[in-house]
Each structure stands twice: as C-alpha cells, then as structure tokens.
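Rule-based calculations on the coordinates, nothing more; no lab input. Source: prediction; values computed, not measured. When we count neighbours, we look across all protein chains shown, and the Cβ atoms used for this are built from the backbone with ideal geometry, even at glycine.
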Amino acid sequence: MLVLYGHNPKNIRAGDALVERALTPDLSAGGSNARPLDDDSRLGVAMIDCGPVVLRSFEPADIDALYSFRNDPNITDVLTGFSFGFSRADLKDWIESQRHDRTRLVWAIATKEDDMCIGQIGLYEIDHRLGTAELGAQIGDKGQHGRGIGRLVYTAALRYAFEELRLHKVWGKILETNEPPLALTKKLGFRQDGVLRDAQFRKGRYANVVLISILDSEWFELHGEKKQP
Ligand SMILES: CC(C)(COP(=O)(O)OP(=O)(O)OC[C@H]1O[C@@H](n2cnc3c(N)ncnc32)[C@H](O)[C@@H]1OP(=O)(O)O)[C@@H](O)C(=O)NCCC(=O)NCCS
C-alpha cells in the first residue's frame with residue numbers, strides 16, 4: 001500500500017506535521033477539538049493507492065458525483081443517518097469544510113484509470129484522547145458494487161487508522177438489514193458490540209442498528225504488524 005501524506009505527493013514531509021496536528025487537541029479552545037478556521041490549520045488526507053482505486057482528497061470536480069450519490073435513495077436509505085438531501089452549493093461548502101475539521105478524515109474513492117469519484121470513505125468522530133473513530137463508507141456507483149472495491153478501501157482506511165494515526169479502536173454503525181457491510185466488516189475482524197433497538201426509521205418502520213468495533217490489537221493479530229518499507 002502506497003501512502004502519501006497531504007494531498008500533493010510533494011508534501012510528503014509536511015504530512016507528518018499534518019497528522020500530528022490532527023491528533024493534537026486544540027488547548028486554546030478549552031481542550032475541546034474545536035475547529036480552527038485559519039488557513040494555517042488546513043489538514044490534508046493521505047493519498048492511498050488501493051490498486052484499481054485511489055483514496056484522495058475531494059476536489060471541486062467531484063461535486064457532480066457527490067450530488068448524484070448523496071441524493072440517491074438506493075444509497076442513502078441503507079445508511080444509519082438521515083439526509084434531507086444536498087444541493088451543489090452544500091457540497092461545495094462540505095468539501096471545503098473537510099480541510100479544517102480535526103474530527104474527521106474523509107477520502108474520495110476515485111478510479112485510478114480516469115480519476116472519477118465513485119464514493120467516499122472516512123474516519124469520523126475522531127476522539128483524539130480515547131484514540132477512537134467511526135468508520136463509514138459508500139460506493140455511490142452501484143455498478144461498482146460486488147467487485148472487491150469495498151474490501152480494498154475498508155482495509156486501506158483501517159490500516160491508516162491503526163498504523164498511521166495509531167488509533168486504539170475503530171467502530172461503526174450499520175443497519176441490521178444492510179448485509180454487505182455487516183459481512184465485510186465481520187470478515188475484516190470487527191466484532192458486534194450490541195444492537196441499538198429502533199435507532200432509525202426507514203420506509204414507515206423502525207430499524208435496529210448494529211454497533212460494531214475492532215481494536216488495534218485485534219487488527220494487528222489478524223492483519224499483521226506494519227511492514228517496514
Ligand atoms: C458496503 C459496500 C462499501 C461494500 O462494497 P463492495 O465493493 O460492494 O464490497 P466487496 O465487493 O469488496 O465485497 C466484500 C464483502 O462484502 C460482502 N458483500 C458484498 N456484497 C454483498 C451482498 N450483495 N450481499 C451480502 N454480502 C455482500 C461479502 O462478504 C464480500 O466478501 P466476498 O467477496 O468474499 O464475498 C457497498 O455495498 C456500499 O457502498 N453500500 C452502500 C453504502 C453502505 O451500506 N455503507 C456501509 C454503511 S456505513
């Protein structure tokens with residue numbers, strides 16, 4: 001797995017500082033993880049080569065792809081959150097806001113062949129003190145489902161979480177009826193923490209949400225220690 005820090009591969013050295021800053025609570029804001037808004041605080045996400053796809057920062061050119069899958073009920077209805085929908089202006093603001101947010105690292109999933117954005121994967125709700133984060137992903141182009149991309153990008157994001165950010169625990173929430181990510185995360189070593197009863201409402205009925213997690217020790221036992229370059 002090739003990991004390049006910062007959006008521009010040339011920033012490879014600066015990336016160390018970016019990660020360090022991402023993990024350092026902002027004490028000037030009373031110890032909270034408040035979002036700094038000055039340009040100095042811009043964070044990048046690592047560019048990660050996953051074979052047929054690359055994980056990279058979002059670009060303004062991705063807005064149409066985001067608009068399509070963030071508003072597609074086939075995708076949004078299986079997620080645990082609820083969305084009222086997004087305009088292109090919302091998505092432009094969202095892309096910009098990602099670069100200032102210390103509590104999340106969100107990658108665009110782009111095809112290596114033509115750099116088309118086909119989805120997103122992210123570490124959300126990063127708690128810098130506990131060393132925890134929520135993992136969430138969507139491959140927005142349903143034509144790309146079932147081709148192994150999900151496994152590649154989940155593995156890459158988890159490797160990044162445990163090997164680069166040195167998180168202790170990655171957790172996730174999945175609708176009880178959403179089989180693909182439940183099966184995929186189980187194969188990657190996630191365990192079930194519990195079931196949140198009637199935690200979402202979909203198509204006229206309540207739905208249970210499964211809480212899953214994997215610890216760093218479990219990850220390394222299953223997937224091996226970080227390989228030295
Ligand atoms: C979850 C998701 C990312 C999986 O991506 P994918 O590229 O389709 O998955 P893969 O092809 O890599 O398959 C990985 C594993 O997932 C499981 N899986 C994939 N499709 C499945 C299906 N239709 N039914 C049951 N299990 C399935 C299988 O265990 C598979 O392993 P296998 O290939 O050894 O059988 C994708 O389905 C998606 O984006 N879904 C919509 C959004 C969502 O549900 N996100 C997760 C909640 S945060």
What does the charge count near Gly85 come to, summing +1 for each Lys or Arg and -1 for each Asp or Glu among other residues with Cβ under 14 Å from its Cβ? -1
Counting Lys +1, Arg +1, Asp -1, Glu -1, what net charge surrounds Asp114 among other residues with beta carbon under 15 Å of its beta carbon? -4
For a test of the definition: using alpha carbon positions, the gyration tensor, and the 1.5 limit on a/c, classify segment 174-229 as rounded, prolate or oblate. prolate
Segment 111-229: equivalent-ellipsoid semi-axes (sqrt of 5 x gyration tensor eigenvalues, Cα, Å): 24, 21, 13
Sorted by Cβ density within 10 Å, fewest first, the residues Val170, Val195: Val195, Val170
Where does the charge balance sit around Ala207 when Lys and Arg score +1, Asp and Glu -1, over other residues with C-beta under 14 Å from its C-beta? +1
